[in-house]
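First up is the structure itself, then whatever we jot down about it.
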Amino acid sequence: MRTAGRLEVHVHRDRAQAGAAAARAAADVLRATLRENDEARVVFAAAPSQRETLAGLREAPGIDWSRVVAFHMDEYVDLPPDAPARFGHFLRRAIWDAVRPREVHVIDPGDDPEVESARYARLLAAGPIDLVCLGIGDNGHLAFNDPPVADFGDPLLVKVVELDDSCRKQQVGDGCFDTLGEVPERAVTLTIPTLMAGRHLVATVPGAAKHDALRATLDGPLSTSCPASVLREHPSCSLFTDTDAYGDITRT
């Protein structure tokens with residue numbers, strides 16, 4: 001393990017091991033939270049990079065999912081409700097349908113994403129967020145807070161954003177869409193302060209495509225040019241990565 005600021009970084013041999021370790025860390029947070037509280041409120045990221053973590057968390061013992069309230073961190077605007085690429089659908093397939101949380105709050109931008117952003121913000125503000133399971137985008141984004149729109153002091157909890165071209169290209173590279181033209185240009189996203197307000201953060205960042213973003217996250221300036229660099233300031237954030245992503249980054 002190394003540290004970058006307050007961020008704990010765990011490098012594993014491959015993405016399977018990194019995802020399994022991240023799942024164990026997330027499960028530990030959930031079990032501890034449920035020992036002390038009536039419920040646990042969790043925000044999930046929906047991305048291929050999270051598959052191993054979500055699979056491990058789905059199988060983790062000793063979690064009373066009937067006391068878990070689930071949220072997710074972003075959703076496309078202008079996708080039909082039944083579109084397979086919707087993040088709510090991804091998470092239902094990857095974990096929610098299997099574990100059956102007590103409540104699942106899905107972002108549904110509909111015809112008025114600004115109104116939906118305000119509705120979702122009220123749900124999030126109703127209680128503390130105990131755990132955020134997140135990834136880092138190829139351009140360093142957190143949720144859909146791309147470098148051009150990320151704001152470390154954002155006054156909003158949830159907002160509508162224009163997606164950066166590099167972010168939209170990642171969605172094609174991840175296999176979520178066949179062509180760039182199919183990727184929506186707008187999304188609803190939780191803001192940086194909302195994510196950072198989570199009591200515990202568990203980040204899973206595997207694969208060579210993440211190398212440059214990971215280097216900037218760990219060793220670059222604390223700047224919205226790499227929104228994920230703010231993770232170095234969180235008091236309880238653990239990042240799990242693999243040798244493909246970590247590569248030649250120097251351990252310090």
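The values are calculated or read from the model by the stated rules, or taken from the named source; none is laboratory data. Computed from a predicted structure; not experimentally measured. Virtual Cβ from ideal backbone geometry, glycine too; neighbours counted across all protein chains shown.
Pairs meeting the criteria (first residue in segment 1-20 and closer than 13 Å to D219 by Cα, second residue in a loop (DSSP other than H, G, I, E, B) and β-branched (V, I, T), beta carbons under 7 Å, at least 6 apart or on different chains) are R2/T252.
Could you go through segment 63-82 and let me know if any residue there is in contact with a His (Cβ under 6 Å, 6 or more places away or on another chain) and of a type in the set (V, I, T). No, there is no match, as no residue in segment 63-82 is in contact with a His (Cβ under 6 Å, 6 or more places away or on another chain) and of a type in the set (V, I, T).
Residues G175, G181: which one is without any contact (Cβ under 8 Å) to a residue 40 or more places away in the chain, closer than 27 Å to V106 by Cβ, more than 17 Å from the chain's Cα centre (by Cα) and exposed (fewer than 15 other Cβ atoms within 10 Å of the Cβ)? Step by step, each of G175, G181 is checked, and only G181 is without any contact (Cβ under 8 Å) to a residue 40 or more places away in the chain, closer than 27 Å to V106 by Cβ, more than 17 Å from the chain's Cα centre (by Cα) and exposed (fewer than 15 other Cβ atoms within 10 Å of the Cβ). Looking across segment 118-143, the residues that are without any contact (Cβ under 8 Å) to a residue 24 or more places away in the chain and either outside any loop (DSSP other than H, G, I, E, B) or of a type in the set (V, I, T) (or both) come down to R119, R122. Can you tell me which of P101, P109 is surrounded by 16 or more Cβ atoms within 10 Å (Cβ to Cβ), more than 27 Å from L239 (Cα to Cα) and of a type outside the set (V, I, T)? Checking each option against the conditions leaves just P109.
When only residues in segment 214-252 that are out of contact with any His (no Cβ under 6 Å at 6 or more places or on another chain) and charged (D, E, K, R) count, which is modelled with the lowest pLDDT? Filtering first and then ranking leaves R251.
When you scan segment 184-204, do you find a residue that is acidic (D, E) and surrounded by fewer than 16 Cβ atoms within 10 Å (Cβ to Cβ), even just one? For segment 184-204, residues acidic (D, E) and surrounded by fewer than 16 Cβ atoms within 10 Å (Cβ to Cβ): present.
Checking the conditions here, which among A143, A118, A150 is out of contact with any helix residue (DSSP H, G or I) (no Cβ under 9 Å at 6 or more places or on another chain) and either of a type in the set (D, E) or modelled with pLDDT of 95 or more (or both)? Only one candidate qualifies: A118. Of the candidates F44, F87, the single residue that is under 24 Å from H141 (Cα atoms), in contact (Cβ under 8 Å) with a residue 60 or more places away in the chain, buried (at least 20 other Cβ atoms within 10 Å of the Cβ) and touching a His at 6+ places or on another chain (Cβ under 7 Å) is F44.
This table checks each residue for (1) part of a loop (DSSP other than H, G, I, E, B); (2) modelled with pLDDT of 95 or more; (3) on the phi < 0 side of the Ramachandran plot.
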{"site": "A18", "(1), (2), (3)": "no, yes, yes"}
{"site": "A23", "(1), (2), (3)": "no, yes, yes"}
{"site": "D28", "(1), (2), (3)": "no, yes, yes"}
{"site": "E52", "(1), (2), (3)": "no, yes, yes"}
{"site": "P61", "(1), (2), (3)": "yes, yes, yes"}
{"site": "L79", "(1), (2), (3)": "yes, no, yes"}
{"site": "A85", "(1), (2), (3)": "yes, no, yes"}
{"site": "A94", "(1), (2), (3)": "no, yes, yes"}
{"site": "A98", "(1), (2), (3)": "no, yes, yes"}
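Scoring N145 on the criteria (1) in contact with a Pro (Cβ under 8 Å, 6 or more places away or on another chain); (2) more than 13 Å from E75 (Cα to Cα) leaves a single failure, condition (2).
Only one entry in D146, D151 is surrounded by fewer than 19 Cβ atoms within 10 Å (Cβ to Cβ) and touching a residue at least 12 places away in the same chain (Cβ under 8 Å), namely D151.
Among the residues making up segment 154-172, those that are buried (at least 21 other Cβ atoms within 10 Å of the Cβ) and in contact with a Ser or Thr (Cβ under 8 Å, 6 or more places away or on another chain) are V158, K159, V161. Only a single criterion out of (1) crowded, with 17+ Cβ neighbours inside 10 Å; (2) at pLDDT 95 or above is not satisfied by A32, namely (1). Screening segment 5-19 for residues that are surrounded by 18 or more Cβ atoms within 10 Å (Cβ to Cβ) and among the small types (G, A, S) and picking the one that is farthest from C133 (Cα to Cα) gives A18. Of the residues making up segment 57-92, not one is touching a Cys at 6+ places or on another chain (Cβ under 8 Å) and aromatic (F, W, Y).
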